[in-house]
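Presented below is the structure to which this report refers.
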Amino acid sequence: MELIVITLSVLFFILTCPISVFFCLKIVAEYERAIIFRLGRLCGGPRGPGMFFVLPCIDQYRKVDLRTVTFNVPQQEMLTKDSVTVTVDAVVYYRIHDPLYAIVRVEDYSTSTRLLAATTLRNIVGTRNLTELLTERETLAHNMQLTLDEATEPWGVMVERVEIKDVSLPASMQRAMAAEAEASRDARAKVIAAEGEKKSATALKEASDVISSSPSALQLRYLQTLSSISAEKNSTIVFPLPMELLTPYLAKYMPMASLPPKPLQLSSDLLNEQHATYPQQTIL
């Protein structure tokens, strides 16, 4: 029966020639391939690029584009491993490496690849923490590419690249993360300030040890301080007086200051006068 139908198709082509030539000769571009079905059966391999011939009424053909196709994965709102709601969108690049499988083994390779990409993105995000999702985008994209490529290989589709475009967080989560980061920065600033104070205290102690070993060093330090103050054109200068200048005087007058005070002696006339004035009081 098939031979009879094919014979009738050839006779029809011959009888209607050369008009039928314009309908039976097909052309595909360099980046396209044609898959021909004759009476529902596959007729050879992919045809093209260039011109090929189909029989009228019994041959059907489908074109397959071999160029790289890019599509956006719809935004997926999902939960991470640590129960944080995020919205993720990605971009997938794929191309057809086997046109025959892309037509025979799957009904619509484009729609199937898009749906599989959305499902794979949801599955991968659900197995990662929020920190990993924000800091390891390249690793997640590579894992998603390998998963998609393995699943689409029987369809003749090769996933070339996957890029995660954006990871959106709720406003409340953004405020919480900002507060956490600010607290962490404040804690580090306090630790750094404390370490600086410790180092400065150690340096001051060493400097004081050096100055105490030489009394003239302190005088030179006072003179340097006075020079730096006068360079600023101040009208008032407070200059501290070193205690070392007073040391000789203190050593001389300190025994006199330590003597006990002498008792006050009053004359007998003064005592009689005070007793007459204040007879009720006892004068010591």
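The values are calculated or read from the model by the stated rules, or taken from the named source; none is laboratory data. Just so you know, these numbers come straight off a predicted model, no measurement behind them. For neighbour counting, all protein chains shown are included, and Cβ atoms are generated from backbone atoms with ideal geometry for every residue, glycine included. SASA here: full protein model, heavy atoms, side chains in, ligands and nucleic acids out. Shrake-Rupley method; radii C 1.70, N 1.55, O 1.52, S 1.80 Å.
When segment 139-158 is filtered for residues that are of a type outside the set (A, V, I, L, M), part of a helix (DSSP H, G or I) and either open to solvent by less than 80 Å² (accessible area, probe 1.4 Å) or over 19 Å from K81 (Cβ atoms) (or both), the ones remaining, listed by number, are T139, N143, Q145, T147, D149, E150, T152, E153, P154, W155.
Within segment 87-100, can one find any residue that is more than 30 Å from I35 (Cβ to Cβ) and either among the aliphatic types (A, V, I, L, M) or in contact with a His (Cβ under 6 Å, 6 or more places away or on another chain) (or both)? Talk me through it step by step, then tell me what you get.
Keep residues of segment 87-100 that are more than 30 Å from I35 (Cβ to Cβ), which gives 87-90.
Next cut, either among the aliphatic types (A, V, I, L, M) or in contact with a His (Cβ under 6 Å, 6 or more places away or on another chain) (or both) only: 88, 90.
Yes, segment 87-100 contains a residue that is more than 30 Å from I35 (Cβ to Cβ) and either among the aliphatic types (A, V, I, L, M) or in contact with a His (Cβ under 6 Å, 6 or more places away or on another chain) (or both).
Residue pairs whose Cβ atoms lie under 8 Å apart, sitting 6 or more positions apart in sequence or on different chains, and linking a residue in segment 18-33 that is without any contact (Cβ under 8 Å) to a residue 24 or more places away in the chain to a partner that is small (G, A, S), are A29/G48. Could you check, for segment 89-110, whether at least one of its residues is loosely packed, with under 14 Cβ neighbours inside 10 Å and farther than 24 Å from G44 by Cβ? No, because not a single residue in segment 89-110 is loosely packed, with under 14 Cβ neighbours inside 10 Å and farther than 24 Å from G44 by Cβ. Taking first residues from segment 142-155 that are touching a residue at least 24 places away in the same chain (Cβ under 8 Å) and partners that are open to solvent by 50 Å² or more (accessible area, probe 1.4 Å) and in a helix (DSSP H, G or I), the Cβ contacts under 7 Å between residues at least 6 apart in sequence or on separate chains come to P154/Y101; W155/Y101.
Take the residues in segment 116-138 that are surrounded by fewer than 13 Cβ atoms within 10 Å (Cβ to Cβ) and of a type outside the set (D, E); name whichever of them is nearest to V69 (Cα to Cα). Quick ask: steps written out before the conclusion?
Initially, segment 116-138 is screened for residues surrounded by fewer than 13 Cβ atoms within 10 Å (Cβ to Cβ), giving 123, 126-127, 131, 135, 138.
Next cut, of a type outside the set (D, E) only: 123, 126-127, 131, 135.
Working: N123: 23, G126: 27, T127: 28, T131: 31, T135: 28 Å.
The selected residue is N123.
Taking (1) among the hydroxyl-bearing types (S, T, Y); (2) open to solvent by 40 Å² or more (accessible area, probe 1.4 Å); (3) touching a Leu at 6+ places or on another chain (Cβ under 6 Å) in turn, S9 satisfies each apart from (2).
Looking at segment 35-58 only, could you name the residues that are in contact with a helix residue (DSSP H, G or I) (Cβ under 8 Å, 6 or more places away or on another chain) and within 15 Å of I103 (Cβ to Cβ)?
We begin by selecting, within segment 35-58, every residue in contact with a helix residue (DSSP H, G or I) (Cβ under 8 Å, 6 or more places away or on another chain); these are 35, 38-39, 42, 45-46, 53-58.
Those that are in contact with a helix residue (DSSP H, G or I) (Cβ under 8 Å, 6 or more places away or on another chain) and within 15 Å of I103 (Cβ to Cβ): I35, R38, L42, G45, P46.
Within segment 174-207, the set of residues being open to solvent by 60 Å² or more (accessible area, probe 1.4 Å) and either of a type in the set (V, I, T) or at pLDDT below 85 (or both) comprises Q174, R175, M177, E180, E182, V191, I192, T202, L204, K205, E206.
Let's see how each residue does on (1) buried (at least 17 other Cβ atoms within 10 Å of the Cβ); (2) within 27 Å of R105 (Cβ to Cβ):
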| site | (1), (2) |
| --- | --- |
| P56 | no, no |
| D59 | yes, yes |
| V64 | yes, yes |
| T68 | no, yes |
| P74 | no, yes |
| E77 | no, no |
| D82 | no, no |
| V86 | yes, no |
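Do you know which residues across segment 41-54 are on the phi > 0 side of the Ramachandran plot, surrounded by fewer than 17 Cβ atoms within 10 Å (Cβ to Cβ) and in contact (Cβ under 8 Å) with a residue 12 or more places away in the chain? Selection gives G50 alone. Residues that are in a strand (DSSP E or B) and in contact with a helix residue (DSSP H, G or I) (Cβ under 6 Å, 6 or more places away or on another chain) within segment 75-93 comprise Q76, M78, V88, A90, V92, listed in sequence order.
Kindly indicate whether L116 is assigned to a helix (DSSP H, G or I) and within 30 Å of E30 (Cα to Cα). Even if it seems obvious, please write down each step before you answer.
On the way: assigned to a helix (DSSP H, G or I): yes; within 30 Å of E30 (Cα to Cα): yes.
In short, yes.
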